[in-house]
Each structure stands twice: as C-alpha cells, then as structure tokens.
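For reference, the structure is listed below as structure tokens.
The values are calculated or read from the model by the stated rules, or taken from the named source; none is laboratory data. None of these values were measured; they are calculated from a predicted model. Here Cβ is always computed from backbone atoms with ideal geometry, including for glycine, and neighbour counts include all displayed protein chains.
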Amino acid sequence: MRSWLISTALFWAVSLLAQPSVQFGFESGKLAPWLVVEGGFGMLVTDRAEYHHSGGAYSKEGKYFLSTLESPKYKPDDRYTGIVLSPVFVLAGPEISLMVGGGNHEVTYVALCTLDGKEHQQARGNNAQKMAQRTWRVPDLVGKKVYLKVADHYATGWGHVTLDDVKAKGTLDPADTLMLGNTNADVQIHCRPIEDFDIAEQFPEANGGNVLAIPRFAKSWKEKNPSVIHALMQSGPVVVPNDINAFLTAKVLNN
C-alpha cells in the first residue's frame, strides 16, 4: 500500500513537471509581446539595479522588470498612468506566482483576467519599492484562456506598479491575442484602393476609372418587386507603423 502511494505521488509530480510553462520575466529588455492599451509610460521595461532614493539592490529576478514608475532618464515619475496587457495563455495548472511592488491603492494593481474582461484575482504592492512574492490559486480557471492586466490609474505618491517573474503552467494562445496598435502608437492610417463601377460618378479625381484610394465609399440603389433600398459602405484602412522594428498582429474573426 505504501509503495502504491509513493508511486502515485511520483506519477502526479512528474506529470505536473512535464506540463508546458508560461513565464514572463521581461529578460529580452522589450515590452513585446505585452501591449499598452491605454495611457502612456516612460521606460516600462527597465534594468534599474538599485532602489530610488534609499539605494540597495532592487528585488527582482534577472536584469529586467516591468515598472510604470521609471522615466527614460531612470528618474521616478508617478504621473504615468495606463493599462498594460499580457499575451493570452491557456492555464494548465492551478497556481500562478508573480512578484509585485509599488502602490497599494485600489487603482494600482495586477489582475488575472479571462477573455470576457472579468478580473478573477488582484495583487498589489505594499507602498514599497521592494517587490513581494504573490501566489494566486485558481483551480477553477484551469483549461481557460486568461491574461494579466497591469492597471495604474494613480498619479501621485506610490502611484505605480512593478512586476516581475510571472510563472504559470500553460501555453500561449496567439490566436486570441489581438494587437492592432494603441492610443500612443506612432502609426498612420492609409487607405487601400477601393474598386467599384460607381466611383467615377461620385469622384471626378478618379478620371473615369473605377479604382480610387479613399477612406470610405458609400452608395445606395433601389430595386422593385419587392421594393427595397440597398445601402453599401466600403472601406479599406491599413495601419502603417512608423517605428523601426514595429509589428502588428491580428485575429481573424468569423463572419
């Protein structure tokens, strides 16, 4: 009986270790594949080595971590506010561990969300620069698609969030990670040419042709038996990033 229990325990331990894992440690020094969806920040991914003001080695894992406090000149600035989202991943284990620091305000936190936007767990700092270890137990979310949300809506004292070393069992789900730019992205919207036989009637600049690059083209027409008026709107916007090495990904939705 004892050997059976030991064998069973070893089996489950090996099975757990064999599960794929998701880890966000920001060691690339870049924010991607995370995304700013609201507001703006200074140096979101930073390699700051010491605490501001007091000195001492920063409590972090590795070289880089996420901080809504840091400015491009390595100065603290609580005026930065906004929301940052992680990629979507399918949770395969009941626990998620992370290191969180910064403010303890209601509006400065890290949340675990499902695709409907519901926040199932939150973690905050202790009004301290030191990041504390947090663990979320969410067995009810195993098998579901989730993501992390960093929210900072406090612009004065301790109005920031720091995050590092997020670990979970699971797999990334690029198909449900939608990134089409954000309010701070340096992009331009260009117009794909629209082809329609009626363009020449509405737009003299088409010079009699049926193709023209315009933001939108609308038209309507009537039919009898039964009487009906049809309305059609065509548009072909193209997002063009201006930043070097910028990228766009999109999720194709079913019609």
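Structural remarks
- Residues in segment 155-165 that are of a type outside the set (Asp, Glu) and surrounded by 22 or more Cβ atoms within 10 Å (Cβ to Cβ) were compared, and the one that is farthest from the chain's Cα centre (by Cα) is His160.
- Residue count for segment 18-40 satisfying the condition of being assigned to a loop (DSSP other than H, G, I, E, B), farther than 21 Å from Ala132 by Cα and in contact with an Asp or Glu (Cβ under 8 Å, 6 or more places away or on another chain): 1.
- Scanning segment 220-251 for residues that are charged (D, E, K, R) and at pLDDT below 85 yields Asp243, Lys251.
- Considering only residues in segment 75-106 that are more than 22 Å from His160 (Cβ to Cβ) and among the aliphatic types (A, V, I, L, M), the one that is modelled with the lowest pLDDT turns out to be Val88.
- Selection of segment 211-228 for residues being under 40 Å from the mean Cα position of the chain (by Cα) and in a loop (DSSP other than H, G, I, E, B) yields Ala213, Ile214, Pro215, Arg216.
- Residue ID - farthest from Thr135 (Cα to Cα), chosen from residues in segment 149-177 that are among the charged types (D, E, K, R) and not in a strand (DSSP E or B): Asp176
- Any hit, segment 30-40, residues being buried (at least 18 other Cβ atoms within 10 Å of the Cβ) and at pLDDT 95 or above: no
- Here the condition is being surrounded by fewer than 16 Cβ atoms within 10 Å (Cβ to Cβ), over 15 Å from Gln23 (Cβ atoms) and either small (Gly, Ala, Ser) or modelled with pLDDT of 95 or more (or both); of Ser59, Ser71, Ser67, it holds for Ser71 alone.
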